[in-house]
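I have a structure here, written as structure tokens, and I will follow up with some questions on it.
The values are calculated or read from the model by the stated rules, or taken from the named source; none is laboratory data. Everything numeric here is computed off the predicted structure, so don't read it as measured data. Note: ideal-geometry Cβ built from the backbone for every residue, glycine included; neighbour counts use all protein chains shown. With ligands, DNA and RNA removed, areas are computed over all heavy atoms of the protein, side chains included. Shrake-Rupley method; radii C 1.70, N 1.55, O 1.52, S 1.80 Å.
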Amino acid sequence: MLLHVTHETRYEYSPPVETAQHLAHLKPLATGSQQLVSHRLSIEPQPAQRSEQPDVYGNTRAFFALESTHDSLVVTAESVVETSTPLLAPGIARDMPWEAVRERFRYRKDATFDPASEFVFPSPYVPRHGDFAAYARASFAPERPTFDVAMDLTERMYRDFAYDADSTEINTPAVEALAQRKGVCQDFAHIMIACFRVMGLPARYVSGYLLTQPPPGQPRLVGADASHAWVSVYLPGESDGDGPDGAGGWAEFDPTNGRQPGEDYVALAIGRDYSDVSPMRGVLHGGARHTLKVGVTVRPIEELQAEAAEAAQSQSRIQPQLQDKDLP
């Protein structure tokens, strides 16, 4: 599926900002299930400096600096991404019990380092707390395969939690969202990640987008027209000896919608939690108060092509009429 993504971030400052430096994670990933066809990042006003480089997790991070006074900032990312349904790596031990996975990530002297192990530890938005373990246990039945644990927890959270955009803020602790059983996709992702980590298993945060318009006859997915977030759970391979990851891989789950992501999802960045992959952050001199507006649209490229063709046809019908009016 070819998807066109527009992500516009608009700040209005009062008083104006004198100088600013920003970091942005707005360029979609290239993965086994999606390829980046094109990407353009527009910044207004024009920055004095800008650069782009990968971060420690392989995401593309853009830096830009503004050195003149400005009372607004508009950052627009336009991307075309070719997506397909994510598939599990062939070497994954899908039926491995979660207890066995936990044992693989227990600390052992002189053990081979597995990069997935850094996603077992607490992070700024995902602390360890007994409440996460208490909620998780119903899904972590003895000898249940890790994939089945993740799917059960995904579906259980979808039933137990209410999507309420007014119930939390960006900095609301995940344990608070757990207690009130409501929040937004960011909260649900943090809670699910916390449930896995407190049980000793790796899990990471994925930021991205959902297709704005659902297929005919399908319900509209929560989180459309906004940035979205979901969870990636690590599944080891059959053997520890097949490379640094033991021929394992990551499987994705969306507790906000009670399903696994498909070709209607676009992955933007991965990290330990939201703090690693926030779309925009900055350090400002001035601008004590600001308003923020964010707009996201994800559409199949065929719709845009059809609209362009219709506009061209309309223009071709209008042009002869204008020429006729110019005749004496």
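Considering only residues that are outside any strand (DSSP E or B) and on the phi < 0 side of the Ramachandran plot, look in region 258-270 and name the one that is surrounded by the most Cβ atoms within 10 Å (Cβ to Cβ).
Among those residues, the one meeting the criterion is 261.
Filter region 221-242 down to the residues that are within 16 Å of residue 263 (Cβ to Cβ) and modelled with pLDDT of 90 or more, then identify the one that is surrounded by the fewest Cβ atoms within 10 Å (Cβ to Cβ).
Per the criteria, the residue is 230.
Tell me, which residue of region 179-220 that is modelled with pLDDT of 95 or more and small (Gly, Ala, Ser) is most open to solvent (accessible area, probe 1.4 Å)?
Ranking the qualifying residues of region 179-220, first place goes to 179.
For residue 129, only one of the following conditions fails: (1) open to solvent by 50 Å² or more (accessible area, probe 1.4 Å); (2) out of contact with any Ser or Thr (no Cβ under 8 Å at 6 or more places or on another chain); (3) modelled with pLDDT under 95. What is its number?
Condition not satisfied by residue 129: (3).
Of 42, 38, which residue is open to solvent by less than 60 Å² (accessible area, probe 1.4 Å) and within 13 Å of residue 73 (Cβ to Cβ)?
42
List pairs: first in region 137-157 and among the charged types (D, E, K, R), second crowded, with 17+ Cβ neighbours inside 10 Å and part of a helix (DSSP H, G or I), Cβ under 7 Å, 6+ apart or cross-chain?
If the second residue must be crowded, with 17+ Cβ neighbours inside 10 Å and part of a helix (DSSP H, G or I), the pairs left are 144/98.
Going residue by residue through region 45-57, is there one that turns out to be hydrophobic (A, V, I, L, M, F, W, C) and open to solvent by less than 50 Å² (accessible area, probe 1.4 Å)?
The answer is no, given that none of the residues of region 45-57 is hydrophobic (A, V, I, L, M, F, W, C) and open to solvent by less than 50 Å² (accessible area, probe 1.4 Å).
Let me ask something else about it. Please tell me if residue 82 is open to solvent by 80 Å² or more (accessible area, probe 1.4 Å), in contact with a Leu (Cβ under 6 Å, 6 or more places away or on another chain) and touching a residue at least 24 places away in the same chain (Cβ under 8 Å).
yes
Moving on to the next point. Taking the criterion of being out of contact with any Pro (no Cβ under 8 Å at 6 or more places or on another chain), among the acidic types (Asp, Glu) and assigned to a strand (DSSP E or B), would at least one residue in region 52-62 satisfy it?
Looking through region 52-62, at least one residue is out of contact with any Pro (no Cβ under 8 Å at 6 or more places or on another chain), among the acidic types (Asp, Glu) and assigned to a strand (DSSP E or B).
Considering (1) out of contact with any helix residue (DSSP H, G or I) (no Cβ under 9 Å at 6 or more places or on another chain); (2) over 24 Å from residue 289 (Cα atoms); (3) part of a loop (DSSP other than H, G, I, E, B), say which one residue 68 fails and leave the rest.
All conditions are met except number (2).
Among 87, 23, 29, which is the only one that is touching a residue at least 24 places away in the same chain (Cβ under 8 Å), open to solvent by 30 Å² or more (accessible area, probe 1.4 Å), among the aliphatic types (A, V, I, L, M) and not in a strand (DSSP E or B)?
87
Looking at the structure I just gave you, is residue 83 in contact with a Pro (Cβ under 7 Å, 6 or more places away or on another chain), at pLDDT 95 or above, within 22 Å of residue 261 (Cβ to Cβ) and among the β-branched types (Val, Ile, Thr)?
So residue 83 fails the test.
Considering region 271-303 alone, what residues qualify as being assigned to a loop (DSSP other than H, G, I, E, B) and touching an Asp or Glu at 6+ places or on another chain (Cβ under 9 Å)?
272, 287
Given (1) open to solvent by 30 Å² or more (accessible area, probe 1.4 Å); (2) touching a Phe, Trp or Tyr at 6+ places or on another chain (Cβ under 8 Å); (3) part of a strand (DSSP E or B), identify the lone condition not met by residue 94.
Only one criterion in (1) open to solvent by 30 Å² or more (accessible area, probe 1.4 Å); (2) touching a Phe, Trp or Tyr at 6+ places or on another chain (Cβ under 8 Å); (3) part of a strand (DSSP E or B) is unmet by residue 94, namely (3).
Report the residue count in region 142-170 for those that are open to solvent by 30 Å² or more (accessible area, probe 1.4 Å) and of a type in the set (A, V, I, L, M, F, W, C).
Final tally of qualifying residues: 4.
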